[in-house]
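A short worksheet on the structure shown next.
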Amino acid sequence: MNNKFVIAVYVDNRFGVLTRVTSMFTRRGFNIDALTVGETEDPAYSRITISLSGDGYAREQLINQMKKLFNVKKVEVIDESNCIKRELMLIKIYNKPETRSDIHFAVDTYRAKVVDYTTDGMCIEITGDPGKIDAFIELMKPFGIIEICRTGIVALERGNTSLLNK
């Protein structure tokens, strides 16, 4: 049985670390659905958020192997019931006079924002959980999608704890 899950990994903020971490997924046969990396509250560390699918046994093996990597400081599966997940997407849509008001209505309804506007196209920014992003894409298909760029999931556990200091 394949289950989706999200892993947060704190690593040293150094070149080559991302390659070592992601090569672990290749060796274990996992396909990464989404990956985001960014500096943390401490510039010495980066946080990698990885969304992927796999069974429980393989997931535990993967996590145990990642913990052994030199530059990895902390690895944890994010508890889906106690986290906040968000994704950012930019989507470019054809801008036609006959569909313009419908697009603007959808933008307002989904709390998105038009960030670029020309006579023949518009670029919309939307942030939310992946389900909201997927629903917005489906809604925009009839208007003509020109291009999409998604960031992948970022996730934090609720409350006042830090993954690194657990």
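The values are calculated or read from the model by the stated rules, or taken from the named source; none is laboratory data. Computed from a prediction, not measured in an experiment: that's the story for all the values here. All Cβ positions, glycine included, derive from the backbone under ideal geometry; neighbour counts span all protein chains shown. When the accessible area is computed, the model is the full protein with side chains, heavy atoms only, and any ligands, DNA or RNA have been set aside. Shrake-Rupley method; radii C 1.70, N 1.55, O 1.52, S 1.80 Å.
Just a few scattered comments:
- Selection status of Asp116, part of a helix (DSSP H, G or I) and more than 16 Å from Thr36 (Cβ to Cβ): no
- Here segment 65-83 is the region considered, the condition is being open to solvent by less than 70 Å² (accessible area, probe 1.4 Å) and part of a strand (DSSP E or B), and the residue that is farthest from Gly16 (Cα to Cα) is Cys83.
- For Phe5: the one exception among (1) open to solvent by 60 Å² or more (accessible area, probe 1.4 Å); (2) within 20 Å of Gly131 (Cα to Cα); (3) aromatic (Phe, Trp, Tyr): (1)
- Qualifying positions in segment 143-160 - open to solvent by less than 80 Å² (accessible area, probe 1.4 Å) and either closer than 18 Å to Tyr10 by Cα or in a loop (DSSP other than H, G, I, E, B) (or both): Gly144, Thr151, Gly152, Ile153, Val154, Ala155, Glu157, Gly159
- Per-region count, segment 32-57, residues among the hydrophobic types (A, V, I, L, M, F, W, C), under 26 Å from Asp129 (Cα atoms) and open to solvent by 40 Å² or more (accessible area, probe 1.4 Å): 3
- When residues in segment 74-107 are screened for being within 30 Å of Ala44 (Cα to Cα) and of a type in the set (A, V, I, L, M), 7 of them pass.
- Segment 121-148 residues that are at positive phi, paired with ones that are open to solvent by 60 Å² or more (accessible area, probe 1.4 Å) (beta carbon under 6 Å, 6 or more apart): Gly144/Tyr94
- Residue tally, condition in a strand (DSSP E or B), at pLDDT 90 or above and of a type in the set (D, E, K, R), over segment 1-19: 1
- Exactly one residue out of Glu60, Glu138, Glu98, Glu87 is under 21 Å from the mean Cα position of the chain (by Cα), surrounded by fewer than 17 Cβ atoms within 10 Å (Cβ to Cβ) and either outside any strand (DSSP E or B) or not aliphatic (A, V, I, L, M) (or both), and it is Glu138.
- Test result for Gly29, small (Gly, Ala, Ser), open to solvent by 30 Å² or more (accessible area, probe 1.4 Å) and either touching a Ser or Thr at 6+ places or on another chain (Cβ under 7 Å) or touching a residue at least 24 places away in the same chain (Cβ under 8 Å) (or both): yes
- Failed item in (1) in a strand (DSSP E or B); (2) farther than 17 Å from Ile146 by Cβ; (3) open to solvent by less than 80 Å² (accessible area, probe 1.4 Å), with Glu125 passing the rest: (2)
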